[in-house]
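Presented below is the structure to which this report refers.
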Amino acid sequence: MFSNESEAFPPYALQGPLGGSLSKDALFGGPAFTPDIVMILRQRYTYGQFENCTKEHTQRIVDHIFEEMNAIGDISFTRTTNFIMEVNPDLDVASAERIARTELGVLMKIASDLDWAKDDPTGTRYKYKMLGPSDNRTCDAHLILEQWQGEGKSKPELIAMIDELRRRYFPKMEPRSPFFLHPNERHRPVRHIRSGEYGDWG
């Protein structure tokens with residue numbers, strides 16, 4: 001889905017959410033959710049009734065996501081989309097994918113912020129940016145953000161840029177997590193570290 005990721009920040013190593021690689025279904029990284037992180041996510045994750053779903057559907061979907069995190073330490077876009085369609089067969093694939101992408105994206109952004117704060121509490125030690133596709137589906141806000149963020153910014157600078165663009169393009173939208181610009185977001189936060197500082201991945 002993402003091109004030229006390995007060349008984006010030479011001579012740095014890209015570090016995805018929770019230190020995961022940036023390559024797979026893995027919109028959302030690999031196994032990395034520890035029990036402590038899952039517990040904090042439960043506390044910080046807020047949600048309303050999902051699009052074209054009942055309250056019962058919504059709760060079953062949320063419970064499933066957290067059960068997967070606890071059981072295998074991972075979340076999967078494909079598995080979550082399939083489960084959403086099992087719970088609510090009236091949904092089409094596009095609607096199920098929107099829910100999965102939005103909710104998993106929110107959770108991953110919260111988790112990434114928690115994880116990165118361990119060795120960069122002020123968000124100024126490394127550079128951060130939003131990484132994602134640039135195609136005919138990319139919104140104006142993300143096209144502008146790509147220009148603004150350049151080779152990367154400190155975390156406070158990047159979040160301030162995202163907040164400004166969200167207020168400009170989605171004025172009624174409340175931020176549900178750090179790095180949150182809009183629902184159904186294909187972009188995700190990454191940071192880059194000097195190659196070898198943490199081995200292959202931090």
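The values are calculated or read from the model by the stated rules, or taken from the named source; none is laboratory data. On a predicted model such as this, the values are computed, not experimentally measured, just so you know. Quick reminder, even Gly has a Cβ in these numbers, built from the backbone with ideal geometry, and neighbours come from all protein chains shown.
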Checklist entry - In the list I65, I75, which residue meets the criterion of being within 19 Å of the chain's Cα centre (by Cα) and modelled with pLDDT under 90? => result I75
Checklist entry - Just checking, which of E174, E86 is under 30 Å from H57 (Cα atoms), modelled with pLDDT of 95 or more and surrounded by fewer than 14 Cβ atoms within 10 Å (Cβ to Cβ)? => result E86
Next on the checklist: Six or more apart or on different chains, Cβ atoms under 9 Å: show the pairs whose first residue is in segment 152-164 and without any contact (Cβ under 8 Å) to a residue 40 or more places away in the chain and farther than 17 Å from S177 by Cβ and whose second is among the small types (G, A, S) and outside any loop (DSSP other than H, G, I, E, B).
Outcome noted: K153/A160
Next on the checklist: Would you confirm, using the coordinates I've provided, whether E56 is modelled with pLDDT of 90 or more, surrounded by fewer than 18 Cβ atoms within 10 Å (Cβ to Cβ) and assigned to a helix (DSSP H, G or I)?
Outcome noted: yes
Item to check | Residue identified as over 19 Å from G152 (Cα atoms), at pLDDT 95 or above, surrounded by 17 or more Cβ atoms within 10 Å (Cβ to Cβ) and of a type in the set (G, A, S) among A96, A111 | outcome: A96
Checklist entry - Taking segment 75-102 on its own, how many of its residues are within 19 Å of H187 (Cα to Cα) and outside any helix (DSSP H, G or I)? => result 2
Checklist entry - Would you say G105 is modelled with pLDDT of 90 or more, crowded, with 18+ Cβ neighbours inside 10 Å, assigned to a helix (DSSP H, G or I) and within 19 Å of the chain's Cα centre (by Cα)? => result yes
Item to check | Per-region count, segment 114-125, residues surrounded by 14 or more Cβ atoms within 10 Å (Cβ to Cβ) and modelled with pLDDT of 90 or more | outcome: 2
Item to check | Residues located in segment 33-62, provided they are at negative phi, more than 17 Å from the chain's Cα centre (by Cα) and touching a residue at least 40 places away in the same chain (Cβ under 8 Å) | outcome: F50, E51, C53, I61
Next on the checklist: Going by what's in this entry, would R137 be described as in contact (Cβ under 8 Å) with a residue 60 or more places away in the chain, under 30 Å from V62 (Cβ atoms) and part of a loop (DSSP other than H, G, I, E, B)?
Outcome noted: no
Next on the checklist: Kindly evaluate I144 against the criterion of being part of a helix (DSSP H, G or I) and either exposed (fewer than 13 other Cβ atoms within 10 Å of the Cβ) or out of contact with any Asp or Glu (no Cβ under 8 Å at 6 or more places or on another chain) (or both).
Outcome noted: yes
Checklist entry - For segment 148-160, what are the residues that are assigned to a helix (DSSP H, G or I) and crowded, with 18+ Cβ neighbours inside 10 Å? => result Q149, K155, L158, I159
Checklist entry - In the set H182, H192, which member is in a strand (DSSP E or B), touching a Phe, Trp or Tyr at 6+ places or on another chain (Cβ under 6 Å) and either surrounded by fewer than 19 Cβ atoms within 10 Å (Cβ to Cβ) or not basic (K, R) (or both)? => result H192
